[in-house]
């Protein structure tokens, strides 16, 4: 693998920055190009065909910027588009599903594993297949939670309304006695306090964002982790620069962002 | 105005079908071409520049299908893109803002008028300008309600969670003693029972969908209303055919839809 070139990370919107935050804590010396498809967000209720096309367009755009590694920091894209991206991309690709499934299988004592995610992520069956491949005797239960991303983006993650909605979505999973819950969407780490309160102390909460960052460190090897922080940096591309991206992004990352680079959708052309 | 050609209606997604339903009750003899931009929905959190471009692309596509009249059945598009569409389109255009504002001014006894809508609709100030132009002494108050569309699309419009969220959003408007509330988003008519419960019996609820349909009847004149129902029909174009469009659409319209026509975004090219 080439040692030159930044790491490319993409998501439908701002949520993938939870992955960027975890990567930067572990690899402060890496340059990161982040792409948020803010003009076409969200992906979670859309069809595999549409999500695949958008994902391929963005992967192609980031490859043209000279990245050496691609992180698909969107569970929906990972769930429906990863095989196609891995086949087409001429660089290594890491998605969210396998790292999350591995961390869940490691954490679970009873083998009863739950997933919360978008409609498209749950419908894809990608997490179910990954968990079953790693632990054939595991029992897997999933709940699509379309309201959680809007709640996080409205800034209501710590609100009683969020608690009520989370309780409704988690109810059927907790009734199946899951001892491990995969947070299968990059927005969900922000909901950990509410998820913890509703699920109770005995359920392991697996952040797919943390799991993916750890997998990236392993894939890049010890050289990357040793780089000095001064060499690192974050550049953000967005398809709609006029949205609340900056506000939510700075809340997630905990520091100000540099200028956003606007990318017209016309530039997202497939070869 | 030409008597031939269907009426074109567009929205970011499925919500504009509340307008179609109102049009079809009044004008059963009209052919309607509906366009739902389901691959890029929602518009309500996006920037004016992005919403303008998407709206122009769709208006141009529908014009090429031979429509004789364009209804912008999306409050966000109407709020930010209508002046540009009216200038460019070579056919008559009707948006949601003026009909909604007129109906609100007619309904209000105290001149204290409230608006609920998406972030982009509220931020545009379009309803405030329209109300003030019609009733310069009116007092206007607005609340952006980003969670209401996701709640409707999740099918939770009659849920206690919806009631709690609506109460939170309406609180500041009711505290200003509005006697009239404009439902400034085509999804909101589905929330009328909850809005009525929270706002109480004395607040007039103005559906922008109904107001726009009534304005269309006036604009088309008596000939259109007299057409026999047999000549009418509804054709739906969508940019993502694999979503929950059909399910939500049939719930809104109360009858089954014919086949959806998928439109690749590549075909949405501006001249």
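Descriptive notes on the structure:
- When residues in segment B:119-157 are screened for being within 14 Å of another protein chain (Cβ to nearest Cβ) and either out of contact with any strand residue (DSSP E or B) (no Cβ under 7 Å at 6 or more places or on another chain) or within 19 Å of residue B:12 (Cβ to Cβ) (or both), 19 of them pass.
- Subset of segment A:23-49 that is out of contact with any helix residue (DSSP H, G or I) (no Cβ under 7 Å at 6 or more places or on another chain) and under 18 Å from residue A:85 (Cβ atoms) - its residue that is surrounded by the most Cβ atoms within 10 Å (Cβ to Cβ): A:47
- Complete set of residues in segment A:242-271 that are within 11 Å of chain B (Cβ to nearest Cβ), in contact with a strand residue (DSSP E or B) (Cβ under 8 Å, 6 or more places away or on another chain) and part of a helix (DSSP H, G or I): A:245
- Checked against the criterion of being assigned by TED's automatic domain parsing to the domain that holds residue A:91 and surrounded by fewer than 16 Cβ atoms within 10 Å (Cβ to Cβ), the candidates A:215, A:231, A:175 yield just one match: A:231.
- Of the numbered criteria (1) modelled with pLDDT of 95 or more; (2) buried (at least 20 other Cβ atoms within 10 Å of the Cβ); (3) touching a helix residue (DSSP H, G or I) at 6+ places or on another chain (Cβ under 6 Å), the one residue B:20 fails is (3).
- Criterion violated by residue A:215 - all others in (1) part of a helix (DSSP H, G or I); (2) free of Cβ contacts under 8 Å to residues at least 12 places away in the same chain; (3) within 24 Å of residue A:252 (Cα to Cα) satisfied: (2)
- Checking the stated criteria, residue B:239 turns out to be within 14 Å of chain A (Cβ to nearest Cβ), modelled with pLDDT of 95 or more, surrounded by 16 or more Cβ atoms within 10 Å (Cβ to Cβ) and out of contact with any strand residue (DSSP E or B) (no Cβ under 6 Å at 6 or more places or on another chain).
- Residue in segment A:16-30 that is within 14 Å of chain B (Cβ to nearest Cβ), under 24 Å from residue B:146 (Cβ atoms) and under 15 Å from the mean Cα position of the chain (by Cα) present: no
- Considering B:104, B:63, the condition of being assigned by TED's automatic domain parsing to the domain that holds residue B:203 and modelled with pLDDT of 95 or more is satisfied by B:104 alone.
The values are calculated or read from the model by the stated rules, or taken from the named source; none is laboratory data. Please read all numbers here as calculations on a predicted model, not as lab measurements. Note that we place each Cβ from the backbone using ideal geometry, even for glycine, and neighbour counts take in every protein chain shown.
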